[in-house]
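**Q** My questions will all concern the structure given below.
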C-alpha cells in the first residue's frame with residue numbers, strides 16, 4: 001500500500017454522469033490487480049470537506065498509468081469530476097483482495113450491471129491477455145447509459161466477446177442483465193459479477209441462473225479508512241463478520257448473507 005499524489009492525464013465524461021480518469025501513477029499501477037481498489041482524497045490536501053477518502057475500483061492499467069471510472073453522486077465525486085490535466089490527485093492503494101481464476105477454468109463469464117463495469121474491465125483485460133475465452137455481459141437501463149464500445153476495442157480485437165442487455169431494449173438484448181446471465185452461464189467455467197445489491201440478491205437466490213458455476217462478486221460498501229481499521233464496511237458472511245476493504249471486496253457469492261447487507265447507495269456523498 002502506497003500513498004502518492006498522481007497527476008491527472010485526462011478526466012472525461014464518457015457517459016451521463018460517468019467519468020473516466022487516467023492518472024500517471026506507476027507506483028500503484030505496477031502492482032494493482034483486478035478487483036482491488038484505491039482510496040481517493042476528493043479535496044485539496046489543505047481543504048476540510050469532504051473529510052473521508054472515496055473508494056474507487058482499479059478500472060484499467062496501462063504501463064504506469066492507472067484508470068478510475070466513477071459516477072458523480074455527491075460533493076466528493078463532483079470535486080473529482082472538476083479536476084483538469086496536470087492536477088494532482090492524492091490516492092492510497094492498491095487495497096483489498098482480488099479476483100482469482102481456478103487452475104482448471106478456461107471459459108470465463110464477466111457480468112457488469114451499471115457502474116459495476118468499473119472493476120470488470122480490468123478483469124476482462126487481464127483474462128484476454130492470458131488466453132482465457134472471455135465473455136463480458138454488460139447491462140444497464142438504456143443505451144444512453146451504456147459503457148462506450150470504443151473503450152473495449154482493443155480487448156475485442158484480441159478475442160473478448162461482448163454481450164449487451166438494456167432494460168428498455170434500446171441496445172442489445174431487452175431485459176434485465178440477470179436474464180442474459182441465465183442463458184450464458186451454462187457455457188462458463190467461472191462467473192464474476194459486479195453490480196448493484198439487488199442484482200446480487202437476485203443472482204444468489206436463483207441457483208439455476210448461475211448454472212452451478214463458481215461465482216465471485218465484487219462488493220461495494222461505504223468505507224471510512226479502506227484498510228481495516230474503522231470496521232465501517234463490515235458485512236455478515238458464513239464465516240462471521242468480514243471487512244469489505246480487507247477481506248474483500250471480492251467474495252464468493254455463497255459466502256455473503258445478502259439479506260443483511262445494507263445498500264451502499266443510501267447516504268452516498
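**Q** Between the stretch 175-242 and the stretch 61-101, how far is it from one alpha carbon centroid to the other, in angstrom?
**A** Cα centres, the stretch 175-242 to the stretch 61-101: 22 Å.
**Q** Rounded to the nearest 500, what is the 222 nm mean residue ellipticity of the chain from helices alone, with -39500 (n - 2.57) per DSSP H run of 4+ residues and division by all residues?
**A** Details: 7 runs with 49 residues, N = 269.
That calculation yields -4500 deg cm²/dmol at 222 nm.
**Q** If you don't mind, there's one more thing I want to ask. State, as an integer percentage, the relative contact order of the chain based on alpha-carbon contacts under 8 Å between residues 6 or more apart. Working shown, then result.
**A** Numbers: 610 pairs, mean separation 48.2, N = 269.
After rounding, I find 18 percent.
**Q** Extending each Cα 7 Å along its Cβ direction at residue 90 and residue 62, get the distance between those two points in nm, one decimal.
**A** Result: 2.8 nm between the two label points.
**Q** What percent do you get for the relative contact order of the stretch 107-260 when only Cα pairs under 8 Å and 6+ apart count?
**A** About 21 percent, as a whole number.
**Q** May I pose another question? Can you give the FRET efficiency for residue 33 and residue 259, using 1/(1 + (r/R0)^6), R0 = 41 Å, r = Cβ-Cβ distance, to the nearest 0.05? Can you show the working numbers first?
**A** On the way: r = 30 Å, r/R0 = 0.74.
Computed FRET efficiency for residue 33 and residue 259: 0.85.
**Q** OK, next. State log₁₀ I(q)/I(0) for the stretch 2-95 at q = 0.12, 0.18, 0.25 Å⁻¹ as given by the Debye formula over alpha-carbon point scatterers of equal weight, solvent excluded.
**A** -0.31, -0.73, -1.47
**Q** Considering only the chain, what is the antiparallel percent among its DSSP beta bridges, to the nearest 5?
**A** Working: 37 of 60 bridges.
Antiparallel bridges make up about 60 percent of those DSSP assigns within the chain.
**Q** Using 7 Å Cα-to-Cβ label points, what is the residue 103/residue 208 separation (nm, one decimal)?
**A** Placing both labels 7 Å along Cα→Cβ, they lie 3.5 nm apart.
**Q** Here is a further query. Give, in nm to one decimal, the length gained when the segment between residue 78 and residue 5 is fully stretched (0.36 nm per residue of separation minus the Cα-Cα distance).
**A** On the way: separation 73, 0.36 × 73 = 26.28 nm, distance 1.88 nm.
Full extension from residue 78 to residue 5 adds 24.4 nm.
**Q** Let me ask you something else. Neighbouring Cβ atoms within 10 Å as the yardstick, rank 231, 70, 145 fewest first.
**A** Working: 231 12, 70 24, 145 17.
Sorted ascending by nearby Cβ count, the order is 231, 145, 70.
**Q** Please work out how much length the chain gains when fully extended from residue 239 to residue 168, using 0.36 nm per residue of separation minus the C-alpha to C-alpha distance, in nm with one decimal. All intermediate terms of the calculation are to be shown ahead of the outcome.
**A** Numbers: separation 71, 0.36 × 71 = 25.56 nm, distance 3.91 nm.
Length gained, residue 239 through residue 168: 21.7 nm.
**Q** For the stretch 148-269, just run the numbers: alpha carbon Rg, then divide by 2.2 N^0.38 Å, N being how many residues it has. Write down the numbers at each step before the final one.
**A** Details: Rg = 16.2 Å, N = 122, 2.2 N^0.38 = 13.7 Å.
Relative to the rule-of-thumb radius for its length, the stretch 148-269 sits at 1.19.
Where a number appears in this text, it was derived from the coordinates with a stated rule and is not lab data. From a predicted model like this one, the values you see are computed outputs, not experimental measurements. Neighbour counts are summed over all protein chains in view; Cβ atoms, including those assigned to glycine, are modelled from backbone coordinates with ideal geometry.
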